[in-house]
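Data first, discussion second: the structure below is written as structure tokens.
Read-outs: derived from the displayed coordinates by stated rules, not from any lab. Since we're looking at a predicted model, the values are computed, not measured. Cβ coordinates were reconstructed from backbone atoms using ideal geometry, including for glycine residues, and neighbour counts include every protein chain displayed.
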Amino acid sequence: MCRVGSWVGASRWPNRAAHPSQWGRPIGGRVLEVDSPMAWANTPDFPVSQPDGALVMNHVMALRKAGKLDGVLPVMWDYGDGHRAIRWERASSLRPYSEDIHLWNAAKLMKLDELAHPRRKKPRSIAEFLPEALQHLAPAEEAAA
């Protein structure tokens with residue numbers, strides 16, 4: 001699902017606690033190679049801005065052998081205005097960026113609906129705001145209800 005170079009999202013939406021009209025677009029990131037020196041720069045293992053590629057490769061091989069890199073990927077998150085940061089993320093928490101956009105739109109519509117109908121006793125499910133082809137994005141507990 002998360003190939004190197006693909007754009008991903010992780011439900012990170014700026015101003016999510018504000019009114020939905022103030023929500024920023026989801027933050028997206030590009031998946032990097034696990035053995036990319038850029039992914040290891042300025043970390044406790046390599047506290048320099050440009051670590052040696054051979055040393056990084058040896059370090060990655062040792063971590064893989066120990067099973068410490070299972071299920072994690074380096075992602076370069078783009079926060080806009082040229083600000084980028086590399087974070088290691090669980091692969092299970094990532095989704096394609098296009099799906100993150102659809103989920104963001106559905107969550108925004110759901111929140112606007114809640115604000116427009118404050119007396120509704122049971123809030124509508126987010127699945128009601130997603131296109132039929134993307135119903136699988138709705139959390140399982142909502143889909144069962």
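Computed from Cα atoms, the angle from the helix 97-116 axis to the main principal axis of the chain rounds to 30 degrees. Helix 53-66 axis versus longest C-alpha principal axis of the chain: approximately 70°, rounded to the nearest ten.
Highest average first, the peptides 31-41, 47-57 ordered by how many other beta carbon atoms sit within 10 Å of their residues are 31-41, 47-57. One way to sum up the overall shape of region 50-107 is the equivalent ellipsoid from its Cα gyration tensor, whose semi-axes run 29, 17, 6 Å, largest first.
Straight-distance candidates among the lysines for linking to Lys111, with alpha-carbon spacing under 27 Å and chain neighbours fewer than 8 residues away dropped: Lys121, Lys122.
Computing mean projected area of the Cα convex hull in nm² directly from the structure and comparing it against (1) 13.5; (2) 11.0; (3) 8.9 singles out (2). Each label point was placed 7 Å from the Cα along the Cα-to-Cβ direction; for Glu114 and His136 their separation is 2.7 nm.
Please go through region 82-145 and write out the trypsin sites (Lys or Arg not before Pro) that DSSP classes as loop and that have at most 12 other C-beta atoms within 10 Å.
Arg119, Arg120, Lys121
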